[in-house]
């Protein structure tokens, strides 16, 4: 069984100590709608992000712990998720470029999601491309613009997760960054 996150462990330990079943916990969280309370609890325990304003207080009361214990476990859960995501990002990292454009945000967020506009700002380098040819490759593949972001004004080359350089369209370095720049994502709920 995979390791439990901090919230899962706290929940498990306190439910065991109080001899509470999942159904009983749901009843304590919301006597009128325990199923909905358990769904909200599952989401909260999964990522440490509270969507229901008083869930932490109700959960603390149901488990017999201070609300600070719930909040600390939630923060530890979020931190662990972020640490794991960062480690995965670093393990998958490949040098690439990001087009800089006249707008940093798309003119229409909804349409950007439909057409995957943020992804169009990325330029992946061939795996066998030597590092000293990255700038020339960017200059040769520079589009006039990126849909919903406007005209291309230059590019940023992310050499490593901890080193990036911004260039203009003449290939002149403008700024160096201590971490790679990332392109946002647009998600559409269906």
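The values are calculated or read from the model by the stated rules, or taken from the named source; none is laboratory data. All values derive from a computational prediction rather than experimental measurement. Methodologically, a virtual Cβ is constructed for each residue, glycine included, from the backbone with ideal geometry; neighbour enumeration extends over all protein chains shown.
Below, the figures for the structure above:
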{"read-out": "Residues (closer than 20 Å to residue 165 by Cα and at pLDDT below 80) located in the range 106-132", "value": "118, 119"}
{"read-out": "Residue within the range 103-115 that is closer than 30 Å to residue 22 by Cα and surrounded by 14 or more Cβ atoms within 10 Å (Cβ to Cβ) present", "value": "no"}
{"read-out": "Complete set of residues in the range 22-32 that are assigned to a helix (DSSP H, G or I) and exposed (fewer than 15 other Cβ atoms within 10 Å of the Cβ)", "value": "22, 23, 24"}
{"read-out": "Selected residue (only one of 56, 35 is in contact with a helix residue (DSSP H, G or I) (Cβ under 7 Å, 6 or more places away or on another chain), free of Cβ contacts under 8 Å to residues at least 12 places away in the same chain, farther than 30 Å from residue 143 by Cα and not in a strand (DSSP E or B))", "value": "35"}
{"read-out": "Any hit, the range 61-75, residues being surrounded by 11 or more Cβ atoms within 10 Å (Cβ to Cβ), in contact with a helix residue (DSSP H, G or I) (Cβ under 6 Å, 6 or more places away or on another chain), touching a residue at least 60 places away in the same chain (Cβ under 8 Å) and within 28 Å of residue 160 (Cα to Cα)", "value": "no"}
{"read-out": "Subset of the range 120-132 [assigned to a helix (DSSP H, G or I) and either surrounded by 13 or more Cβ atoms within 10 Å (Cβ to Cβ) or touching a strand residue (DSSP E or B) at 6+ places or on another chain (Cβ under 9 Å) (or both)]", "value": "120, 121, 131"}
{"read-out": "Out of 72, 19, 8, sole residue that is modelled with pLDDT of 95 or more and either part of a loop (DSSP other than H, G, I, E, B) or closer than 30 Å to residue 150 by Cα (or both)", "value": "19"}
{"read-out": "Matching option when the condition is at pLDDT 95 or above, part of a strand (DSSP E or B) and either under 26 Å from the mean Cα position of the chain (by Cα) or more than 26 Å from residue 108 (Cα to Cα) (or both), among 157, 135", "value": "157"}
{"read-out": "Failed condition for residue 175, given (1) part of a helix (DSSP H, G or I); (2) loosely packed, with under 12 Cβ neighbours inside 10 Å; (3) over 22 Å from the mean Cα position of the chain (by Cα)", "value": "(1)"}
{"read-out": "Residues of the range 2-17 classified as loosely packed, with under 14 Cβ neighbours inside 10 Å and more than 25 Å from the chain's Cα centre (by Cα), total", "value": "4"}
{"read-out": "The listed residue being modelled with pLDDT of 95 or more and in the same structural domain as residue 38 (by TED's automatic domain parsing), out of 58, 78", "value": "78"}
